[in-house]
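> Before I ask anything, let me first share the structure, which is written out below as structure tokens.
Only the coordinates and a few stated rules stand behind these numbers; no lab work does. Bear in mind that the values here come from a model prediction, so they are computed numbers and not experimental data. Here the Cβ positions follow ideal geometry from the backbone for every residue, glycine too, while neighbour counts run over all protein chains shown.
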Amino acid sequence: MRPVKFVEVSNLRVTYLGRTRPSLEVEELAIDEGESVLVLGKSGSGKSTLVNVLNGVIPHMISARVEGEIRVFGKDPRKTPVHEMSHLVGTLLQDPEAQIFHHIVRDELAFAPENYCFPRVEILSRVNEASKIVGVTHLMERETSTLSGGELQRVVLGSVLTLKPKSLILDEPTSNIDPDGTAEILSLLRSFKEGGISMIIVEHKLERVLPYVDRVILVEDGRVTLNVTREELPKEMERLMRAGVEVPEVRRTVSKRNATGRAILKGKVKVSSGRKVLVDTEIEVREREIVALMGKNGAGKTTLLKAIMGILDNRYQVVAHLTMMDKEISKMPYYVRGRFISYLPQSFDVMFVKRTVEDEIKFSSDDPEQLIRLFSLDKVRKDDPLTLSFGQRRRVALASILGRRQRLALLDEPTSGQDWFHRRSLGEELQKMRENGVSFLVVTHDSRFVDRFCDRVMVMREGKIIYSGSPEQVFESRLVMPPVEYEGRK
Ligand SMILES: Nc1ncnc2c1ncn2[C@@H]1O[C@H](COP(=O)(O)OP(=O)(O)OP(=O)(O)O)[C@@H](O)[C@H]1O
Ligand SMILES: Nc1ncnc2c1ncn2[C@@H]1O[C@H](COP(=O)(O)OP(=O)(O)OP(=O)(O)O)[C@@H](O)[C@H]1O
């Protein structure tokens, strides 16, 4: 008998409900048991569609017509109940928030094994083991709604691991994770691989993940256009670059500023929740400056942005003394601050108010066409923002923020889940807007983006900004890991 493969697909065709054209067409694809495969491709190319067909999310949770043959460990995910599939394939979705069902972390982790009615001791030991693997033992009693983005991503991965699945599908597993955490996740990939777990990884950070995979697949415009072993990849680099995939590239000279302008935002912020102090820091952003706010998961970056914006709920106590262009803003309600500060939250789907991309962007901009072009949204302009790929959705949200042209924009992880092509266009756009007098405070873990486009970096640790300097200085200081190609450049 032929051994059962991890994945066998032929003549697959996926057409989302409400669309006439298929979003994915794959003639043949096979992945052996134990193999690990990296899926590359530009935003909107069909990567998530591919993995969601394999784990059954499509069509069980997202409606689409799925034609052709699909076998995952010999089973057709369309005909296999989700709870049976989840023993075969554990999935970490791109948007961790979509995968959280419980208020308390411990319950979230226990959820799957409880559903399978494992004995009590077994549940406990699985929960303990998984929480250790992903490093969340200190968060077990916390409310999931108070976790930082990176903490949330770890919890979701932990809950996937409690079922000890035969294979893993990881859609951007490191997108919200700080550089140290990314290294930890990557070493997890190594141990999964050694443990014989088959894996499909969707990830834009090609060179970081490459050591842990056997094969690389490129998806372009809904088709698999390249399927090569890791060893064969180097000769395809040109090709990948043309497809908009991030490959290590030589440094280009970009216009950076030594911002000496006057402060646009300045002051002190303290945020606590009960007795726990989450943020206690001074901050300054100058006129015409792109500042990156970096630091480990849970350092307090998002909390600081929310405090500046005035949108923390009553679980938090805020004491702030903040001026914007010498005007005290700390007592102003958020909608007044919104006149001169714009804000892109980490989870942005709640922002959408219109039914088409076009209307959404028109709603807040006087030059929607330019933004639609800039963020390559032309093909999806008539679509409902909520039906887009993750990267596309984030770009719609960004376009609607940037259309408003406030003096200061607070962007929480605008680059996560974006291919390099789109991160670069965003960087270039921010630099253009900076010339027109806008300042940016950008929370990000993306050191390549920072290296290329940011004027200054502030590093946050345990609620305090402990360092401020140029990207070069910060990388030298080793407070933040430099981009991979940085070493070779000096
Ligand atoms: N109500 C609360 N009670 C206790 N701790 C809280 C509460 N709300 C937030 N925290 C903690 O405050 C810390 C700061 O969270 P924040 O979201 O600002 O982090 P971050 O720096 O943006 O992280 P990430 O890079 O993961 O997005 C986190 O450890 C978070 O778990
Ligand atoms: N629920 C849906 N309904 C309709 N169309 C969808 C839906 N989800 C995705 N699409 C469309 O299918 C195409 C492929 O999307 P997919 O999410 O697979 O891309 P992706 O390569 O994962 O992108 P990203 O890197 O931005 O996450 C896109 O054009 C998208 O607009």
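> Using helices alone, I'd like the mean residue ellipticity at 222 nm for the chain: each DSSP H run of four-plus residues gives -39500 (n - 2.57), total over residue count, nearest 500.
Numbers: 18 runs with 157 residues, N = 490.
That calculation yields -9000 deg cm²/dmol at 222 nm.
> Let me ask something else about it. Do any of K132/K193; K132/K464; K166/K193; K205/K235; K42/K166 go past 20 Å between their Cα atoms, and which?
Details: K132/K193 18 Å; K132/K464 27 Å; K166/K193 11 Å; K205/K235 18 Å; K42/K166 28 Å.
The answer is K132/K464; K42/K166.
> Mind checking which aspartates and glutamates have their C-alpha under 13 Å from K164, skipping anything on the same chain fewer than 8 residues away?
In chain and number order, the partners are E84, E122, E129.
> Computed FRET efficiency, Cβ-Cβ of K268 and N314, R0 35 Å: what is it to the nearest 0.05?
Values: r = 21 Å, r/R0 = 0.60.
After rounding to 0.05, the efficiency reads 0.95.
> Can you work out the Karplus-derived ³J(HN,Hα) for every residue in the stretch 327-342? Use 6.51 cos²θ - 1.76 cosθ + 1.60 with θ = phi - 60°, whole Hz, and x for glycine or proline.
9, 5, 10, 4, 8, 6, x, 4, 6, 6, 4, x, 6, 10, 10, 10
> Here's a follow-up. Would you mind ranking D384, D367 so that the residue whose beta carbon has the fewest other beta carbons within 10 Å leads the list? Walk me through the intermediate numbers first.
Working: D384 15, D367 12.
Ranking D384, D367 by Cβ neighbours within 10 Å, fewest first, gives D367, D384.
> What order do you get for T356, T91 when you list them from fewest to most C-beta neighbours inside 10 Å? Write down the numbers at each step before the final one.
Numbers: T356 15, T91 22.
Fewest-to-most ranking of T356, T91: T356, T91.
> Ok, one more. What ranking of C454, C117 emerges when the number of other C-beta atoms within 10 Å of each C-beta is taken as an exposure proxy, fewest first? Walk me through the numbers on the way to the answer.
Details: C454 28, C117 8.
So the residues, fewest neighbours to most, are C117, C454.
> Another question, if that's okay. Among rounded, prolate and oblate, which fits the chain when a ≥ b ≥ c are the square roots of the eigenvalues of its C-alpha gyration tensor, a/c under 1.5 means rounded, and a/b larger than b/c means prolate? Let's see the in-between values first.
Numbers: a/c = 1.66, a/b = 1.40, b/c = 1.18.
It is prolate, given that a/c is not under 1.5 and a/b is the larger ratio.
> A follow-up question, please. Strictly over 32 Å apart at the Cα level, which of K327/K379; K268/K296; K47/K79; K331/K379 would you flag in this model? Spell out each step's value before the answer.
Working: K327/K379 43 Å; K268/K296 21 Å; K47/K79 22 Å; K331/K379 43 Å.
Correct reply: K327/K379; K331/K379.
> Follow-up question, since we're still on this one. Output the relative contact order of the chain, whole-number percent, from Cα pairs under 8 angstrom with separation of 6+ residues.
Numbers: 976 pairs, mean separation 77.3, N = 490.
Computed over the chain, the figure is 16 percent.
> Whole-Hz ³J(HN,Hα) for each residue in the stretch 137-142, computed from phi via Karplus 6.51 cos²θ - 1.76 cosθ + 1.60 with θ = phi - 60°, x for glycine and proline: what do you get?
4, 7, 10, 3, 9, 7
> Got a sec to turn the phi values of the stretch 268-285 into Karplus ³J(HN,Hα) couplings, 6.51 cos²θ - 1.76 cosθ + 1.60 with θ = phi - 60°, whole Hz, x for Gly and Pro?
For the stretch 268-285, the Karplus-derived couplings read 10, 9, 10, 10, 10, 10, x, 8, 8, 8, 9, 9, 8, 8, 9, 8, 9, 10 Hz, x marking Gly and Pro.
> Between I264 and residues 5 or more places away or on another chain, which pairs have amide H atoms under 5 Å apart, with H built 1.01 Å from N, and which residues are they?
Long-range HN contacts for I264: V285, R286, E287.
> Under a straight-distance cross-link criterion of Cα-Cα below 15 Å, which aspartates and glutamates are reachable from K301, leaving out those fewer than 8 residues away in the same chain?
In chain and number order, the partners are E151, D178, D280, E282, E284, D412, E413, D446, E462.
> Moving on to the next point. Which one of V459, I133, I169 is farthest out on the positive end of the charge dipole of the chain, using unit charges on Cβ (Lys, Arg +1; Asp, Glu -1) and the Cα centre as origin?
Result: V459, furthest along the dipole toward the positive end.
> When the dipole is taken about the Cα centre of the chain, and only Lys, Arg (+1) and Asp, Glu (-1) are charged at their Cβ, what size is it in debye, to the nearest 20? Write down the numbers at each step before the final one.
Details: 75 positive and 70 negative charges, 254 e Å.
Value, rounded to 20: 1220 debye.
> If you take every residue apart from E67 with its C-beta less than 11 Å away from the C-beta of E67, what net charge results, scoring Lys and Arg +1 and Asp and Glu -1?
Working: positive: R13, R65, R78; negative: E25, E69.
Once all neighbours under 11 Å are counted, the net charge is +1.
> Over the C-alpha atoms of the stretch 39-167, what are the Rg and the largest Cα-to-Cα span, Dmax, in Å?
Reported Rg and Dmax, both Å: 15.5, 46.
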